[in-house]
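Everything on this sheet refers to the single structure shown next.
The numbers here are math on the coordinates, done by the rules we state, and not lab data. If you're wondering where the values come from, they're calculated on a predicted model, not measured in any experiment. Please note: Cβ atoms are built from the backbone with ideal geometry, for glycine as well, and neighbour counts cover all protein chains shown.
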Amino acid sequence: MAALTPRIEQVIHALQCLPGVGRKTATRMTLFLLQGHREDAEHLASSINEALATVTSCAKCHNLSDAEVCDICTDERRANGQLCVVETAADLVAIEETGTFEGRYFVLHGLLSPIDGIGPDELSLGTFLPCVRDGAIREVIVALSTTVEGEATTHFISELLENSGVALTQLAHGIPVGGELGYVNSRTITQAFERRVKLDS
Amino acid sequence: MLHETCYVLRRRAYSETSLLLEMLTSESRYVHAMYRGAKRNGSTPIDLFSEYAMSWRPRDGLVTLRSCELKHVSTLGGNALYAGLYVNELVRRGMRENQVVDDVQPAYQSAVTSLEQAEADLDVVLRSFEKRFLKALGFELEFHREQATGDVISSNSNYLFDPILGFTKSADAEETSYPGHVLLNISVNRFEQPETRQAAKLILRDALYHHLGERALKARSLLSAKQYREEVSGATAHD
């Protein structure tokens with residue numbers, strides 16, 4: 001007789017869709033939920049169901065939202081003329097946690113990668129220019145990966161904004177804070193040299 | 001153990017820390033490789049168009065990288081990036097896993113190196129690569145003679161193109177025919193005239209579609225960003 005029933009196996013298999021969760025971890029999670037934490041399991045299941053039923057993509061910035069337009073897009077205090085372009089909702093959360101940016105966002109949900117079948121139409125770029133125009137944006141800040149795909153996407157955005165009068169900036173590239181130079185790859189060091197900043201003296 | 005210099009044409013995340021790579025080796029082999037721990041601190045970051053010294057134990061199918069060191073950092077930027085992405089898509093479309101196609105790697109390296117030059121003429125680099133790639137795959141286009149008769153292309157005549165039959169003389173200057181002098185220019189990679197560039201683009205596109213499949217290459221949509229902007233703006237204006 002199998003130690004795990006088909007229903008339990010089904011849960012284990014479902015949990016393996018999560019990043020970093022293999023069969024062993026998924027088995028441990030499943031047994032934890034089904035053995036002594038059935039209320040937690042019900043809460044988890046109902047939370048996911050509710051979120052699936054209500055969470056949608058913000059009509060303006062494409063971030064995940066409970067309403068048609070997300071809280072950031074409806075917050076008038078965030079209408080400072082700055083729009084930060086990010087690849088994923090997780091990137092947006094990472095920037096929000098720093099508390100350094102007070103403008104609005106635009107989430108692409110990917111980067112241009114023709115070899116993977118991702119062109120402008122597969123990203124949310126179709127609504128980018130209306131978002132810039134309707135939001136009276138003066139500066140677009142590109143906060144994308146420094147990979148070839150990130151650079152290609154940045155270049156595409158720069159072409160979209162050509163002659164628009166909107167300033168285009170990009171997050172600085174270089175040595176990470178707290179990092180040791182000896183462990184930084186040569187490409188990063190090259191870029192850090194090219195984009196070095198003048199110190200007050 | 002195999003030690004080769006490679007270009008990575010495609011990379012995908014595999015688990016939290018590893019990458020699946022599709023690479024073109026210095027022996028012109030298209031290899032699929034697993035790079036374990038690629039996203040860990042201290043690992044060589046993998047990007048497209050850069051050259052890497054890699055080693056792996058040879059086997060059929062997916063190989064696991066034993067070492068990976070950066071040899072040359074790509075400096076592609078701007079529209080040259082789009083052109084490079086187009087070249088990558090083309091190579092992937094034309095080659096199968098573990099297939100060796102002589103001259104593809106030198107052709108690829110030549111294209112990437114040319115694109116890195118600040119004054120690179122993208123059309124010329126792409127057309128030259130397309131010609132060389134088709135030839136490497138065994139689908140060489142003969143721009144200097146008629147395939148069926150073997151007659152040399154005459155600069156004063158007009159020719160029709162068929163991806164299988166090649167060029168055949170046309171009685172009249174039809175809308176779909178190409179002047180002989182244009183074909184002769186393409187045969188020696190002389191793309192100065194706009195007429196030659198346009199003809200080369202159409203003929204090679206036709207041949208690539210026929211030999212590599214009619215599904216549109218996605219990278220072409222990047223090369224027309226301005227057109228996309230007009231479409232998006234136009235669509236919004238009508239809303």
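Across the options A:164, A:105, A:190, the greatest Cα extent toward the positive end of the charge dipole of region A:72-199 (unit charges at beta carbon of Lys, Arg, Asp, Glu) belongs to A:190.
Of all aspartates and glutamates in the structure, those lying under 18 Å Cα to Cα from residue B:71, and not within fewer than 8 positions of it along the same chain, are B:4, B:22, B:27, B:47, B:51, B:116. Taking Cα atoms only, the orientation of helix B:122-136 departs from the longest principal axis of chain B by about 80 degrees.
Exposure proxy for B:218, B:201: other Cβ atoms within 10 Å of each Cβ, ordered fewest to most, give B:201, B:218. Of the residues A:142, A:59, B:17, the one whose Cα sits farthest towards the positive end of the charge dipole of the protein assembly as shown is B:17 (charges of +1 on Lys and Arg Cβ, -1 on Asp and Glu Cβ, taken about the Cα centre). Residues of chain A were split at every exposed loop site, defined as trypsin sites (Lys or Arg not before Pro) in a DSSP loop with at most 11 other C-beta atoms within 10 angstrom, and the longest piece left, sites excluded, is A:1-194. Here the Debye sum runs over all C-alpha atoms of chain A as equal scatterers in vacuum, and log10 of I(q)/I(0) at q = 0.09, 0.13, 0.16 Å⁻¹ comes out as -0.52, -0.91, -1.12. With all projection directions averaged, the alpha carbon convex hull of the protein assembly as shown covers 30.5 nm². With the Cα gyration tensor of region A:43-97 giving a ≥ b ≥ c as the square roots of its eigenvalues, does the rule (a/c under 1.5 for rounded; else a/b larger than b/c for prolate; else oblate) give rounded, prolate or oblate? Verdict is prolate for region A:43-97. Considering region A:95-190 at the alpha-carbon level, its Rg and Dmax are found to be 15.2, 46 Å.
Of all lysines in the structure, the ones whose alpha carbon falls short of 19 Å from that of residue B:131, not counting any fewer than 8 places away in one chain, are B:201. Expressed as a whole number of Å, what is the distance separating the alpha-carbon centroids of region B:86-122 and region A:129-148? First find each Cα centre; the distance between them is then 32 Å.
Only helices enter the 222 nm calculation for chain B: every DSSP H run of n ≥ 4 contributes -39,500 (n - 2.57), and dividing by all residues gives -11500 deg cm²/dmol, rounded to 500.
Principal-axis analysis of the Cα atoms of chain B puts helix B:194-212 at an angle of about 60° to the longest axis. Sorting B:24, A:161 from the fewest to the most surrounding beta carbons within 10 angstrom yields A:161, B:24. Report, to one decimal in Å, the Kirkwood hydrodynamic radius for region A:132-181 based on all distinct Cα pairs. Taking the inverse mean of 1/r over all distinct Cα pairs, region A:132-181 comes out at 12.4 Å.
Counting Lys and Arg as +1 and Asp and Glu as -1, what is the net charge of the other residues whose Cβ lies under 12 Å from the Cβ of residue A:146? Net local charge, residue A:146 excluded: -2.
For residue A:60, the lysines whose Cα comes closer than 28 Å to its Cα, not counting residues fewer than 8 places off in the same chain, are B:218, B:226. The mean number of Cβ atoms from other chains found within 10 Å of a Cβ in peptide A:108-116 is 6, as a whole number. Relative contact order of chain B: 14 percent, from C-alpha pairs under 8 Å at least 6 residues apart in sequence.
Binning all Cα-Cα separations of region B:2-72 at 10 Å, short to long from zero, yields these whole-percent fractions: 22, 63, 15, 0. Dipole check for region A:72-199: with +1 at the C-beta of Lys and Arg, -1 at the C-beta of Asp and Glu, and the Cα centre as origin, the magnitude is about 520 Debye.
Each other residue within a Cβ distance under 12 Å of residue B:139 adds +1 if Lys or Arg and -1 if Asp or Glu, for a net charge of -1. If you wrap chain B in the convex hull of its Cα atoms and look at it from every side, the mean projected area works out to 16.8 nm². Only Lys, Arg, Asp and Glu carry charge here, each on its Cβ (+1 for the first two, -1 for the last two); on that basis chain B has a dipole of about 1120 debye about its Cα centre. With a 10 Å cut-off around each Cβ of A:78-90, the average count of Cβ atoms from other chains is 0. For the peptide A:149-159, the mean number of other protein chain Cβ atoms found within 10 angstrom of a residue's Cβ is 5. When you restrict to C-alpha pairs under 8 Å that are six or more residues apart and normalise by the size of region B:144-190, the relative contact order lands at 38 percent. Ordered by the number of other Cβ atoms lying within 10 Å of each residue's own Cβ, fewest first, B:23, B:34 fall into the sequence B:34, B:23. Rounded to the nearest 20, the size of the Cβ-charge dipole of the protein assembly as shown about its Cα centre is 1340 debye, with Lys and Arg at +1 and Asp and Glu at -1. Rounding to the nearest 10 and keeping the result within 0 to 90°, find how far the Cα-based axis of helix B:104-116 lies from the longest principal axis of chain B. Roughly 90 degrees between the two axes.
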